[in-house]
Amino acid sequence: MARLSGADRVGAHLARLGQGVRARIGRALSQAGARVADEARARFAAASPDGSERAEITVVRRGDAAVDVVATFPGAEAREFGTSRSAAKPFLRPAAEAKRADVAELIARATGFASPTQETD
């Protein structure tokens, strides 16, 4: 399971924010997690021999400052990381990397900060 480093520090900062801001950030994180989960499901299906395999991937909210995108089907770890007998076929990490800009945009909008993808004058 991939984790955001520094989540505890971010959580401490969020604790000092108002409830409205924390709620907006929480919703943004849930939306971001759903986008990553959808991307991971699509990547998993695309990597299956006939495109018909489906992965059980869920988003688990952890407080105000974190969500986990979790693959809960048998063999998920072996598929993502490989084993001594089979090569890795990652689907979670590439999905998170592909959705990085979307995640940043959702959080920027929730906090009212300029998007890191937008140029400032």
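Summary table
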read-out	value
Residue within region 106-113 that is over 18 Å from the mean Cα position of the chain (by Cα), within 26 Å of Ala23 (Cβ to Cβ), modelled with pLDDT under 90 and open to solvent by 60 Å² or more (accessible area, probe 1.4 Å) present	yes
Criterion (in contact (Cβ under 8 Å) with a residue 12 or more places away in the chain, hydrophobic (A, V, I, L, M, F, W, C) and either over 25 Å from Arg9 (Cα atoms) or surrounded by 12 or more Cβ atoms within 10 Å (Cβ to Cβ) (or both)) met by exactly one of Ala46, Ala23, Ala40	Ala40
Leading residue by the ranking (farthest from Pro94 (Cα to Cα)) among those in region 44-61 that are of a type in the set (D, E, K, R) and either over 18 Å from the mean Cα position of the chain (by Cα) or in a loop (DSSP other than H, G, I, E, B) (or both)	Asp50
Matching residues in region 49-61 - criterion: being modelled with pLDDT of 80 or more, out of contact with any helix residue (DSSP H, G or I) (no Cβ under 7 Å at 6 or more places or on another chain) and open to solvent by 70 Å² or more (accessible area, probe 1.4 Å)	Glu56
Residue ID - surrounded by the most Cβ atoms within 10 Å (Cβ to Cβ), chosen from residues in region 62-98 that are assigned to a helix (DSSP H, G or I) and in contact with an Asp or Glu (Cβ under 9 Å, 6 or more places away or on another chain)	Leu92
Matching entry among Asp64, Asp68 (being at pLDDT 90 or above and either among the β-branched types (Val, Ile, Thr) or under 17 Å from the mean Cα position of the chain (by Cα) (or both))	Asp68
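The values are calculated or read from the model by the stated rules, or taken from the named source; none is laboratory data. Bear in mind the structure is a predicted one, so any value in this text is a computation, not a measurement. Positions of Cβ are backbone-derived with ideal geometry, glycine not excepted, and every protein chain shown enters the neighbour counts. Heavy atoms of the whole protein, side chains included, go into the accessibility calculation; ligands, DNA and RNA do not. Shrake-Rupley method; radii C 1.70, N 1.55, O 1.52, S 1.80 Å.
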